[in-house]
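Let me begin by presenting the structure, written as structure tokens, before commenting on it.
Please treat every number below as a calculation from the coordinates, not as lab data. Fair warning: this is a prediction, and the values are worked out from it, not measured in the lab. Reconstructed Cβ throughout: ideal geometry from the backbone, glycine too, with neighbour counts over all protein chains shown.
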Amino acid sequence: MDHEPIPVTEEHAEAAASYSTSPSRRRVTVRRRPVVGLVLLVLLVLLTLVVGAVGGVGGFVLLSSSRNPVVSRVRNTLGINDGGSLAVPIKETINVVESSAVIDASKKVSPAVVSITTSQEVSNFLGQVSTQQVAGGTGFIITSDGLIVTNKHVITGASSYKVVTSDGRIFDATIQATDPGDDLAILKITAKDLPVVDLGDSDTLQVGQSVIAVGNALGEYSNSVTLGVVSAKGRNISASSEGGGSTQESLTGLIQTDAAINPGNSGGPLVNLAGQVVGINTAIASTTGGSIGVGFAIPIDSVKTAINSVLKTGQIIRPYLGVRYQAVTNALQQLYSLPVNYGAYVTSGDAGGAAVVSGSPADKAGIKANDIILEVNGDRVDQNNSLSGLLGKHQPGDQVTLHVQRGKSTLDIKVTLDKMPTA
């Protein structure tokens with residue numbers, strides 16, 4: 001059968017031509033279909049996450065607060081006793097920031113710290129006399145009119161003294177007083193409205209507590225600040241001068257610190273983080289001549305009596321017992337087969353002389369060589385409380401009770417303290 005051709009209108013021809021000859025239109029159509037699908041997929045994923053999060057939070061709240069028995073069993077299975085113990089672990093980033101306490105303490109004390117230079121007259125082989133600077137040390141101001149605390153060994157052997165304040169002023173200084181029983185000296189300069197230090201409490205210091213040493217390091221770096229901790233308390237040492245002289249002084253009840261203390265720091269303050277003076281830097285143990293992290297300071301509480309004595313009378317008046325002794329340690333106990341490992345063993349040791357000074361308060365009260373003084377008025381004599389430190393809390397004329405070990409027996413002896421001789 002013959003079919004007549006279907007007439008093609010102009011409109012049909014244009015449409016057919018457009019369909020068969022326009023690949024760009026097909027490419028566009030093909031590419032749009034996966035984009036739409038991808039968008040739908042992303043929306044579905046996001047919707048799933050949101051629903052999951054809402055469900056998780058809801059479940060968390062339900063699990064932590066519901067009193068339903070089934071939920072309670074689930075909590076018990078998970079090891080959660082109650083809702084209050086349910087916690088979400090939080091990862092926290094901690095930024096370590098330097099405490100401002102050290103900075104604040106240094107700013108507080110430094111204006112009252114001074115450098116001390118000493119000089120002595122020397123003569124050459126022609127007999128010509130000249131003045132030569134011999135040492136440098138440190139001190140700190142305790143009164144606004146110019147009383148300055150330092151070490152006795154800083155000014156020993158000198159004929160003149162100068163004090164340089166933190167603002168660069170230079171003053172001639174005189175010796176107000178020296179302590180016959182400790183490495184302590186008080187200088188005086190003529191000035192007014194000077195900054196002063198705060199005296200703290202050394203008895204309450206704890207091993208490991210942070211402390212700051214301030215001083216004239218090496219005699220030329222004034223107001224140098226070093227940071228450390230209290231390494232130990234109640235240390236007993238025999239110290240010689242920084243120049244390596246043969247003269248030694250026994251010091252007891254000292255604070256040990258790893259804050260760097262170098263030659264020139266002697267007499268400077270050891271400070272707590274409140275900016276209060278808790279010690280007077282006085283000695284180092286060293287194999288090099290410089291700091292190796294073993295320094296010693298006189299506890300400020302052991303010299304407060306002397307400082308107050310100067311403020312009241314213009315001189316240092318110390319109570320006097322009249323014995324030579326060694327602090328009892330485990331090593332000393334083993335060496336002498338002592339019955340206890342603490343106390344003050346009355347002996348002259350290698351120093352020579354009598355263990356009990358003739359005519360002294362101890363002699364009059366009946367203290368004998370080889371006695372061990374265990375307590376002073378009930379306070380135990382040990383590495384934290386030296387005999388001299390406990391006696392230093394009293395005044396001449398005070399009566400104290402000494403608990404004493406004599407052989408295998410113990411006894412209480414009452415002693416009336418006297419004024420320590422100046423020589």
Looking at the range 136-219, which trypsin sites (Lys or Arg not before Pro) are DSSP coil and have at most 14 other C-beta atoms within 10 Å of their C-beta?
Arg169, Lys192
Please sort 331-340, 227-236 by packing, taking for each peptide the average over its residues of neighbouring beta carbons within 10 angstrom, highest first.
227-236, 331-340
Cα gyration tensor category, rounded, prolate or oblate, for the range 369-423 with a/c compared to 1.5
prolate
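Counting only other residues whose beta carbon sits under 13 Å from that of Asn308, what net charge do I get with K and R as +1, D and E as -1?
Net charge in that neighbourhood comes out at +2.
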Pairwise centroid distance, computed over Cα atoms, of the range 216-239 with the range 147-181, Å:
18
